[in-house]
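Comments concern the structure below.
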Amino acid sequence: MAGAFAGILLTALLYRQRVRRETALLLSRASSRSRLTLGLPELAAIGRQLRRASHEGPAAPAPESDEKGETETVLADTEADAAGGIIAEAEPSSLLYQSSDILDKAEPADSQILELDLELDREEGGEPEGFPEHIFRAYDIRGHADTDLSDELVYRIGRAVGEMAAERGESSVIVGGDGRISTPRIRSQLISALLDGGLDVIDIGLVPTPLLYFATQHLDSQAGIMVTGSHNPRDDNGLKIVLDRQTMAAGGIQDIRRRMASASGGDAGYTRGRVITEDIVPAYIDEVAGDIAIAVPLKIVIDAGNGATSDIAPRLFTELGCEVIPLYCEIDGNFPNHPPDTSDERNLDDLCAAVRAEHADFGVAFDGDGDRVAVVTGSGAIVRADLLMMLFAQDVVSRNPGADVVFDVKCTRHLARLITHNGGRPVLWKTGHALMKQKIAETGALLGGEFSGHIFFGERWYGHDDGMYAAGRLAEILSTHDQSLDAALEDFPRTENTPEILVPVEERKKFALMQKIAREADFGAGKVNNLDGIRVDFDTGWGLLRASNTSAALTARFEADTAEHLEAIKRTFREQVARVEPELQLPF
């Protein structure tokens, strides 16, 4: 009885705090016309009346474009690609594709979404000191560790995330971190914030990001924060956030910003939480080793790039029965041998050389936090992730007819054809590990993959991206069929294609520019898909141009049946982009 009363009292106190916070937010932003989604729909009517009182007449519709921002992204209708069997599922435009300066059209009277300020209060021409807007990205928080991620800012983020976790019934949050120099400082601030907010912290120490995801499946919390700069340069760092065992994406990241803007900073009478230390590594190794069976011992070169997998990856593959040749498997946040980005093929040169020199069966490289994998064959050839996905899809769908396989817009169109041929359903989706995980959960897909090297197994695993587990599944396939990786790939179609190409564009301009190109470019007979940027399919190949979610750039990729057709598609893209933005330098 006493426990029930205490629960009711706590709920009442939390609700009162939220009403007070959102009421203050409404009052302070009633004169603005920008979009705000309220957590308490009961306040919607009050907000609309405040807006009407502050403005004579309705808010003006959003212009098609202006010098500061961008308009809503036009997405493709749901359709099947007859040539490749691709199902491109449409989704309403979201904050992921919008500028913070956008002015939305007025909502219907019964809507719970108000035309109020989503942004922090700003001085004209700038933003509040110590609160850099650009670090709040599509599915994580990321910036320069010293200049962007101050102690105060990280603490405020921690308080906001703790509040969101508590609202979901969590009493503890799991915290992990990678091996970067700045990670201990940032972890310390996060832990202090969570404790001050009344939550316990389960500290799992220095681990790769997939072990944070694994921990939310195994420990007494479904919420977690991973301090990691992922594949970014050594001076960067950031946060990947999990609530309800799902990686937070655009809406949740914006919710953090809103809460930080309206937070009072007080402790609200919380009883400070406690820190619980947990070593999740043995449980992870045991479960992977219990799932993956390698019939024939393999010799594998592992390039951890001095990242967070440096200790655990060699242990795991030794446990799986492989002979491991370690390369750069000492944790060093300075990344002295090569940057921690496995999608840049220049960073794989040493791995290719080591595989050939050691006569290994294949080699694998992991990015800075271990959620991406890159693979090299025994002959030293780099296997791009969409080709690797063809091998995984063939394996998974053969056991699970009708299974969904999700892949991003950068992948070869032959992947869709292979999935269909083997009896599966190909689902084309937007680039981004959080977006992919949401789509995998929505469709119940047994496999997902991105061209960047994020591989997601729903069959026998948890549907999150895990470079080490994906490498283990590859070893299982090769050992079961007793064939080399080079031989296993021989049956797949060979095409002329490019790696991912980065086109530098200012962070604040990249989405607006991409919108402008999408509106004004004319690709003639090409079939245009606007699901994520512009992907244009021609009879002989395809090209892609999209705004990067993680860097100040547009990204491009091209594929064709022959080198001549590849150059023709690239030339078409160059011509159309030049029509729209003549000053943009294109490296393709």
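The values are calculated or read from the model by the stated rules, or taken from the named source; none is laboratory data. Quick caveat: nothing in here was measured; it's all calculated off a predicted structure. So basically every Cβ, Gly included, is an ideal-geometry build from the backbone, and we count neighbours across all protein chains shown. Areas reflect the complete protein model, heavy atoms only, side chains present, ligands, DNA and RNA absent. Shrake-Rupley method; radii C 1.70, N 1.55, O 1.52, S 1.80 Å.
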For this session: Might you let me know whether the range 544-552 holds any residue that is assigned to a strand (DSSP E or B), open to solvent by less than 20 Å² (accessible area, probe 1.4 Å) and of a type in the set (Gly, Ala, Ser)?
Result: yes
Exercise. In the set 528, 503, 536, which member is open to solvent by 50 Å² or more (accessible area, probe 1.4 Å) and assigned to a strand (DSSP E or B)?
Worked result: 528
For this session: Within the range 317-338, count every residue that is in a helix (DSSP H, G or I) and open to solvent by less than 20 Å² (accessible area, probe 1.4 Å).
Result: 1
Exercise. What about residue 515, is it open to solvent by 10 Å² or more (accessible area, probe 1.4 Å), within 18 Å of residue 409 (Cα to Cα) and either in a helix (DSSP H, G or I) or touching a residue at least 12 places away in the same chain (Cβ under 8 Å) (or both)?
Worked result: yes
For this session: State yes or no: is residue 566 aliphatic (A, V, I, L, M) and either assigned to a helix (DSSP H, G or I) or surrounded by fewer than 22 Cβ atoms within 10 Å (Cβ to Cβ) (or both)?
Result: yes
Exercise. Among 354, 289, 374, 360, which is the only one that is touching a residue at least 40 places away in the same chain (Cβ under 8 Å), open to solvent by less than 60 Å² (accessible area, probe 1.4 Å), among the aliphatic types (A, V, I, L, M) and under 28 Å from residue 216 (Cβ atoms)?
Worked result: 374
Exercise. Limited to the range 212-242, what total is found for residues that are within 19 Å of residue 161 (Cβ to Cβ) and touching a helix residue (DSSP H, G or I) at 6+ places or on another chain (Cβ under 7 Å)?
Worked result: 12
Problem set entry | Criterion (of a type outside the set (Val, Ile, Thr), touching a Pro at 6+ places or on another chain (Cβ under 9 Å) and farther than 30 Å from residue 136 by Cα) met by exactly one of 479, 484 | 479
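Let's see how each residue does on (1) over 22 Å from residue 559 (Cα atoms); (2) in a loop (DSSP other than H, G, I, E, B); (3) not aliphatic (A, V, I, L, M):
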{"position": "315", "(1), (2), (3)": "yes, no, yes"}
{"position": "340", "(1), (2), (3)": "yes, yes, yes"}
{"position": "343", "(1), (2), (3)": "no, yes, yes"}
{"position": "355", "(1), (2), (3)": "yes, no, no"}
{"position": "370", "(1), (2), (3)": "yes, yes, yes"}
{"position": "387", "(1), (2), (3)": "no, no, no"}
Exercise. Among the strands (runs of 3 or more DSSP E) contained in the range 403-480, which hold 3 or more residues that are open to solvent by less than 10 Å² (accessible area, probe 1.4 Å) and farther than 15 Å from residue 246 by Cβ?
Worked result: 404-408, 425-429
Exercise. Considering 244, 200, which residue is open to solvent by 30 Å² or more (accessible area, probe 1.4 Å), more than 21 Å from residue 308 (Cα to Cα), over 17 Å from the mean Cα position of the chain (by Cα) and among the charged types (D, E, K, R)?
Worked result: 200
Problem set entry | Filter result for the condition that a residue is at pLDDT 95 or above, under 20 Å from the mean Cα position of the chain (by Cα) and either assigned to a helix (DSSP H, G or I) or not β-branched (Val, Ile, Thr) (or both), over 169, 205, 176 | 176
Exercise. In the range 210-242, what count of residues is obtained for those that are under 20 Å from residue 458 (Cα atoms) and touching a Lys or Arg at 6+ places or on another chain (Cβ under 6 Å)?
Worked result: 2
For this session: Determine, yes or no, whether residue 249 is under 23 Å from residue 350 (Cα atoms) and open to solvent by less than 30 Å² (accessible area, probe 1.4 Å).
Result: no
For this session: Test each condition in (1) of a type outside the set (D, E, K, R); (2) touching a Gly at 6+ places or on another chain (Cβ under 7 Å); (3) free of Cβ contacts under 8 Å to residues at least 12 places away in the same chain for residue 297 and report the one that comes out false.
Result: (3)
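Residue-wise test of (1) farther than 20 Å from residue 259 by Cβ; (2) without any contact (Cβ under 8 Å) to a residue 12 or more places away in the chain; (3) open to solvent by 30 Å² or more (accessible area, probe 1.4 Å); (4) of a type outside the set (Phe, Trp, Tyr).
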site	(1), (2), (3), (4)
172	no, no, no, yes
181	yes, no, yes, yes
190	no, no, no, yes
193	no, no, no, yes
196	no, no, yes, yes
212	yes, no, no, yes
220	yes, no, yes, yes
